[in-house]
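S.K.: I'd like to ask you about the structure that follows.
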Amino acid sequence: MVENRPFNTFMAYLVLAIGVVIVAFPVYLAILASTFDASTIINGNMPLTPGDQAAENYYRTIFVGASRSTREPVGTMMINSFVMAMGIATGKILISILSAFAVVYFAFPFRKTAFWVIFITLMLPVEVRIYPTYKIVADLGLLDTYTGLILPLIASATGTLLFRQFFMTIPDELLEASKIDGAGPFKFFKDTLVPLSVTTMAALFVIQFIYGWNQYLWPLLITTKDSMQTIVIGIKKMITTQDALTEWQIAMTTAVLAMLPPVAVVILMQRLFVKGLVETEK
Amino acid sequence: MDKRAIFSGKALPYMLLLPQLAITIIFFYWPASQAVWQSFLLEDAFGLSREFVGFENYRTLFQQREYYDAMVNTAVFSSLVAFFSLSIALLLATQADKNIRGAHGFKTLLIWPYAVAPAVAGVLWIFMFHPSLGTLAGPMRVMGFDWNPLLDGGDALALVVMSATWKQVSYNFLFFLAGLQAIPRSVLEAAAIDGAGPLRRFWTITFPLLSPTTFFLVVVTIVYVFFETFGIIDAVTGGGPSGSTTTMVYKVYSDGRLGGDLGGSAAQSVVLMVIVIALTAIQFRYVERRVQY
């Protein structure tokens, strides 16, 4: 601060504390709900301190699942979400680092064209071409498969742009030196480029993992089998807002489990997360 | 822009590009062009015959009252979320930017909602405000609000706006904080020496200098509301009650899947594509300008 004003500092703490409470309160309620039985929640007077049903709720949610709506243990859903998120994150990194390498370090006919063909995909999220994409995936026989969940979502330019941007900052002298040492493209890629890109890869991984884990519309369309649904889809199916059939304690336990992995990633890898977020948006 | 030192190779660069290009063409260009093509076709309800009808689907679309309603909903929804999430984020960022102890801890505690899936965020908020069992719905009724987001369109929209804002504040906060930290302290100190108080410094120095960040965040937030809030709407309201929370993207989904009107749904996709391309173009023009600063 420029000058010392105790009142100003006090206001800063107050505003930030209120912000944190508002941000955390809905999640606190979800965690609370995951420690009560159904009847305590349904009557609308849930206490604001934890109950004693946590073990029972988490056990039932992970290994048994909701009895009326999804019929599948949430553990299975978490595995599906995890496979999908990992597949999207690693797949994107893999294909985009290769294409960025080609675009930056080679001169070949149609290089600019190739770059633009990839670049334009930035503009159109999967939501606007959802049914034709669905039809293609169906025609390829990929409904209810991990491949079908993953492949269409890695068709995007963010990774390529990020790696391209990073490669442009690597001094030309490095490549000249490796060439003098007799290194070919593969050796340069493996021994110089990949080690230098580790931070960029990790940052991209964090962002894409969250993106993949939180996907909604795409898995909703292409998974028909209960055993293939992801946790975010599962929780939606458990909530039937119009009637009293919702098993709220199971639904809120599922909500907590659905938040846990991506939130843990953000908190534990905050530096990489911020870097990834800021750089993929440039 | 190009590198001085490069490799020569005829087939290798194409092989390196192949995976990405193949995926892009199969899952991006092909379906996108299909969407455009389909928007000119009329398909019978069983998908047995198709007929080229020119702009018929578009004409029907723009004669539908529901489509204008969806446009209005989308506009109202995005302006509200943009306004609230940006102002709250800016307020929090200016406080966290002050030289106070524990600022980093506050930052951590404020950014994690970014990682919560939109559908899950929606579930958290409907649980909190559920008319019969929500923890906050009781107090609201006591205070005299006739609150029921399951039956009242305005309440439903309010609930969706709150969930979407809750999630987007973290993102905007992060970018505002970065923007604030890039403002040179010396400028603010000079103003303070000239006798400008904190509020005056904010409105005459900080806020104008932040305007590129603000503009960028407005565009990003609008795109977020257009597309990513689909999960919130589907989980919380299902577009209802009676269409009051149906946005343009939600209508693409419900007309195509639930209504079976693929031509009309494709025409809506094309309209959306045009809007997104326009938004992205605006964003890129701004990025170019920012580089010059």
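S.K.: Kindly indicate which of B:Phe127, B:Phe145 is more than 15 Å from the chain's Cα centre (by Cα), crowded, with 20+ Cβ neighbours inside 10 Å and closer than 30 Å to A:Phe36 by Cα. Spell out the reasoning first.
M.R.: On the way: B:Phe145 fails: crowded, with 20+ Cβ neighbours inside 10 Å.
Only one candidate qualifies: B:Phe127.
S.K.: Any residue that is at the interface with chain B (Cβ under 8 Å from one of its Cβ atoms), part of a helix (DSSP H, G or I) and within 13 Å of the chain's Cα centre (by Cα) - is there at least one of those in the range A:237-257?
M.R.: No, the range A:237-257 contains no residue that is at the interface with chain B (Cβ under 8 Å from one of its Cβ atoms), part of a helix (DSSP H, G or I) and within 13 Å of the chain's Cα centre (by Cα).
S.K.: Can you name every residue in the range A:4-31 that is assigned to a helix (DSSP H, G or I) and either polar (S, T, N, Q) or crowded, with 19+ Cβ neighbours inside 10 Å (or both)?
M.R.: At the first step, the residues of the range A:4-31 found to be assigned to a helix (DSSP H, G or I) are A:6-31.
Selection gives A:Asn8, A:Thr9, A:Ala12, A:Leu16, A:Gly19, A:Val23, A:Pro26, A:Val27, A:Leu29, A:Ala30.
S.K.: Do you know which residues across the range A:41-59 are facing chain B (nearest Cβ under 10 Å) and either in contact with a Gly (Cβ under 7 Å, 6 or more places away or on another chain) or assigned to a helix (DSSP H, G or I) (or both)?
M.R.: A:Ile41, A:Ile42, A:Gly44
S.K.: Quick test of your reading of the structure: B:Gln34 fulfils all but one of (1) touching a helix residue (DSSP H, G or I) at 6+ places or on another chain (Cβ under 9 Å); (2) within 8 Å of another protein chain (Cβ to nearest Cβ); (3) of a type in the set (S, T, N, Q); (4) surrounded by fewer than 16 Cβ atoms within 10 Å (Cβ to Cβ). Name the failing condition by number.
M.R.: All conditions are met except number (4).
S.K.: While we're here: So, of the residues in the range A:106-121 that are facing chain B (nearest Cβ under 7 Å) and assigned to a helix (DSSP H, G or I), which turns out to be surrounded by the fewest Cβ atoms within 10 Å (Cβ to Cβ)? Break it down stepwise before answering.
M.R.: Step one: list which residues in the range A:106-121 are facing chain B (nearest Cβ under 7 Å), which gives A:106-108, A:114, A:117-118, A:121.
Now restrict to residues that are assigned to a helix (DSSP H, G or I): A:114, A:117-118, A:121.
Values: A:Ala114: 21, A:Val117: 18, A:Ile118: 26, A:Thr121: 20.
The selected residue is A:Val117.
S.K.: While we're looking at this one, here's another question. Counting only residues that are polar (S, T, N, Q) and assigned to a helix (DSSP H, G or I), which one in the range A:147-168 is nearest to the other protein chains (Cβ to nearest Cβ)?
M.R.: Looking at residues that are polar (S, T, N, Q) and assigned to a helix (DSSP H, G or I), I get A:Thr160.
Okay, residues lined up against (1) surrounded by 15 or more Cβ atoms within 10 Å (Cβ to Cβ); (2) within 9 Å of chain A (Cβ to nearest Cβ):
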| residue | (1), (2) |
| --- | --- |
| B:Ile23 | yes, yes |
| B:Phe27 | yes, yes |
| B:Gln38 | yes, yes |
| B:Gly54 | no, no |
| B:Glu66 | no, no |
| B:Val76 | no, no |
| B:Ser85 | yes, no |
| B:Thr94 | yes, yes |
| B:Ile100 | yes, yes |
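S.K.: Just a yes or no: is a residue in the range A:205-213 among the hydroxyl-bearing types (Ser, Thr, Tyr), surrounded by 12 or more Cβ atoms within 10 Å (Cβ to Cβ) and away from chain B (no Cβ under 11 Å)? Steps first, please.
M.R.: Residues of the range A:205-213 that are among the hydroxyl-bearing types (Ser, Thr, Tyr), as a first pass: A:211.
Now drop any that are not surrounded by 12 or more Cβ atoms within 10 Å (Cβ to Cβ), which leaves A:211.
Still in the running and away from chain B (no Cβ under 11 Å): none.
Scanning the range A:205-213 turns up no residue that is among the hydroxyl-bearing types (Ser, Thr, Tyr), surrounded by 12 or more Cβ atoms within 10 Å (Cβ to Cβ) and away from chain B (no Cβ under 11 Å).
Just so you know, all these numbers are worked out from the coordinates, no wet-lab data involved. Computed from a prediction, not measured in an experiment: that's the story for all the values here. Note that we place each Cβ from the backbone using ideal geometry, even for glycine, and neighbour counts take in every protein chain shown.
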